[in-house]
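Data block below; observations after.
The values are calculated or read from the model by the stated rules, or taken from the named source; none is laboratory data. Everything quoted here is computed from the prediction, not taken from an experiment. A quick note on method: Cβ atoms are made from the backbone with ideal geometry, for glycine too, and the neighbour counts reach across all protein chains shown.
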Amino acid sequence: MKIISNSGIAVALFLIGTKINSASAQGDNGWHANTITVEKLSKERPGINYSEEKVPAYNLPEIFTSHNGVKVNSVDLWNKTRRPEIIELFRKNVYGRIPETPYQKKFKIVSIDKHAMGGTATQKEVDIIIEAMGKSLTFHLTLFTPNDVKNGVPVFLLIDPWRSDTDSPHWKQKDEYWPVKEAIKRGYGMAVFNSSDLDPDNFDNFKNGIHGLLDQKIRPDDAWGTLAAWAWGASRCMDYLVTDKDVASDKVAVVGHSRAGKTSLWAGAEDTRFAMVVSNESGAGGAALARRRLGETVERLNTIFPHWFCSNYKKYNNKEDSLPVDMHMLLGLIAPRALYIDCADEDLWGDPHGSYISLYNAVPVFNLLGVNSDIPESMPPLNKQVISGRVAFHIRDGAHNLLLRDWNWFMDFADKVWK
């Protein structure tokens, strides 16, 4: 695939959408939304668009043109000029920026079990303690590593916002949502932290959790929201993982599902120590293009979850076209590291089509940075994995969830990239 030129990105994107739609109408083998599902969801939520035909015409912000009009056509210009500009745009308008409050961190290994999983793994329980202004906050990291590997192993770090037996898919289907046994068999470590222990997933006026510890008295309009706080927590987990001799510190993947999938993308964008980013069904505010307005929208996000993003993001409620970024630019920030985006067939709320187009328009950044990746313009068929260079995608049958099948595809990708 050719790198899309700066001046041609908007036109190319519109053509991409047209090609996918027309191919689907002609019975193309690539995925397209089931019409019965579209009709059913449209009736259940009449104010939400689930129809590809109703997606408005839109232009994407140019990923390779800097603020001063310079065309970015080299690695040096991307790294020194355009990438920092894009990061700043997302901080200012979407996720918010981290306060500059000084803090100290400590790691306390609470327990080590070298005979976990029937003797196949070592389990470590680690407290991560953050101290600032005479107060402290502790959140917890769990790490499993295989015992039959002498050197440090690649590790998947899962961001898990769900905190109770009642509402947590982690506890309902533990082997599916966080399949430690399967990962250990394949030579991977598995880590997880409960992000809600770091910052509660509710609108508390940012008084509790890490916001209550680090925020200044007056929060500016670009102050970090909950997702940025969770991403910051993932980086503090990374601070520990790079010290653990059982972990290959240059092979750590950050993984998230749904709201945590949005978080994993921002964590990977801000912290380049993550060698792989996996975003499972992240939808709006994650991988899906905001300008498509299919399924969940910017307004819906800011209305139902006012604590997730910075206050400036509310300026773009029903004004997505004025947003100076879109999510293909977020995905481009992961390059040249490994990136996996996936969706579910019944999860039209998360706009699978928009997530794939977003990834397609991020691929030129990987190519610019020397990672040869070339995914087709049309989406792959259901349950068919696409891997090219350090980019991967799949859409599976079923509903919004994180399953063992997804994890196996993630590990297949890691096998190719890391092993």
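Which condition from (1) among the polar types (S, T, N, Q); (2) loosely packed, with under 14 Cβ neighbours inside 10 Å; (3) at pLDDT below 95 is the one that Thr35 breaks?
That leaves (3) as the condition not met.
Filtering segment 301-324 down to residues that are in a loop (DSSP other than H, G, I, E, B) and buried (at least 21 other Cβ atoms within 10 Å of the Cβ), which residue is farthest from the chain's Cα centre (by Cα)?
Let us first name the residues in segment 301-324 that are in a loop (DSSP other than H, G, I, E, B), namely 305-310, 317-319, 323-324.
Those still in the list that are buried (at least 21 other Cβ atoms within 10 Å of the Cβ) too: 308-310.
Values: Trp308: 14, Phe309: 14, Cys310: 17 Å.
Ranking the qualifying residues of segment 301-324, first place goes to Cys310.
In segment 216-225, is there at least one residue being closer than 26 Å to Gly152 by Cβ and buried (at least 24 other Cβ atoms within 10 Å of the Cβ)?
Scanning segment 216-225 turns up no residue that is closer than 26 Å to Gly152 by Cβ and buried (at least 24 other Cβ atoms within 10 Å of the Cβ).
Is it the case that some residue within segment 95-110 is over 30 Å from Thr65 (Cα atoms), at pLDDT below 95 and among the aliphatic types (A, V, I, L, M)?
Residues of segment 95-110 over 30 Å from Thr65 (Cα atoms): 101-110.
Then drop every residue that is not at pLDDT below 95, which leaves none.
Within segment 95-110, none of the residues are over 30 Å from Thr65 (Cα atoms), at pLDDT below 95 and among the aliphatic types (A, V, I, L, M).
So is Asp345 modelled with pLDDT under 95, surrounded by fewer than 19 Cβ atoms within 10 Å (Cβ to Cβ) and among the charged types (D, E, K, R) or not?
no
If I go through segment 379-408 residue by residue, how many of them are part of a helix (DSSP H, G or I) and more than 16 Å from the chain's Cα centre (by Cα)?
The total comes to 3.
Hey, can you tell me all the residues within segment 101-149 that are polar (S, T, N, Q), assigned to a strand (DSSP E or B) and surrounded by 12 or more Cβ atoms within 10 Å (Cβ to Cβ)? Steps first, please.
We begin by selecting, within segment 101-149, every residue polar (S, T, N, Q); these are 101, 104, 111, 120, 122-123, 136, 138, 142, 145, 147.
Filter once more, so that each one left must be assigned to a strand (DSSP E or B): 104, 111, 122-123, 136, 138, 142, 145.
Those that are polar (S, T, N, Q), assigned to a strand (DSSP E or B) and surrounded by 12 or more Cβ atoms within 10 Å (Cβ to Cβ): Thr122, Gln123, Ser136, Thr138, Thr142, Thr145.
When you scan segment 100-151, how many residues do you find that are over 21 Å from Asp215 (Cα atoms), touching a residue at least 60 places away in the same chain (Cβ under 8 Å) and over 25 Å from the mean Cα position of the chain (by Cα)?
7
Identify, please: which residue in segment 384-403 is farther than 23 Å from Val365 by Cβ and touching a helix residue (DSSP H, G or I) at 6+ places or on another chain (Cβ under 8 Å) and is, among those, surrounded by the fewest Cβ atoms within 10 Å (Cβ to Cβ)?
My answer is His400.
Out of Met379, Met327, which single residue is out of contact with any strand residue (DSSP E or B) (no Cβ under 7 Å at 6 or more places or on another chain), crowded, with 24+ Cβ neighbours inside 10 Å and within 20 Å of Leu289 (Cα to Cα)?
Answer to the check: Met327.
So that you can scan it fast, the table gives a plain yes or no per residue for (1) over 27 Å from Ile395 (Cα atoms); (2) of a type in the set (Val, Ile, Thr); (3) surrounded by fewer than 24 Cβ atoms within 10 Å (Cβ to Cβ):
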position: Pro200; (1), (2), (3): yes, no, yes
position: Leu213; (1), (2), (3): yes, no, yes
position: Tyr240; (1), (2), (3): yes, no, yes
position: Val255; (1), (2), (3): no, yes, no
position: Val277; (1), (2), (3): no, yes, no
position: Gly286; (1), (2), (3): no, no, no
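Please specify each residue of segment 404-419 satisfying the condition of being surrounded by fewer than 20 Cβ atoms within 10 Å (Cβ to Cβ), in contact with a strand residue (DSSP E or B) (Cβ under 9 Å, 6 or more places away or on another chain) and closer than 24 Å to Ala33 by Cα.
Listed by number, the list holds a single entry, Arg405.
What number of residues within segment 58-86 satisfy the criterion of being surrounded by fewer than 18 Cβ atoms within 10 Å (Cβ to Cβ), among the aliphatic types (A, V, I, L, M) and either modelled with pLDDT of 95 or more or touching a Cys at 6+ places or on another chain (Cβ under 7 Å) (or both)?
2
Among the residues of segment 55-80, what is the count of those that are charged (D, E, K, R), touching a residue at least 40 places away in the same chain (Cβ under 8 Å) and not in a loop (DSSP other than H, G, I, E, B)?
1
Give me the pairs, please: first residue somewhere in segment 362-375 and surrounded by 21 or more Cβ atoms within 10 Å (Cβ to Cβ), second residue anywhere and in a helix (DSSP H, G or I) and of a type in the set (S, T, N, Q), beta-carbon distance under 7 Å, and either six or more positions apart or on two chains.
Within 7 Å, the pairs are Ser373/Asn367.
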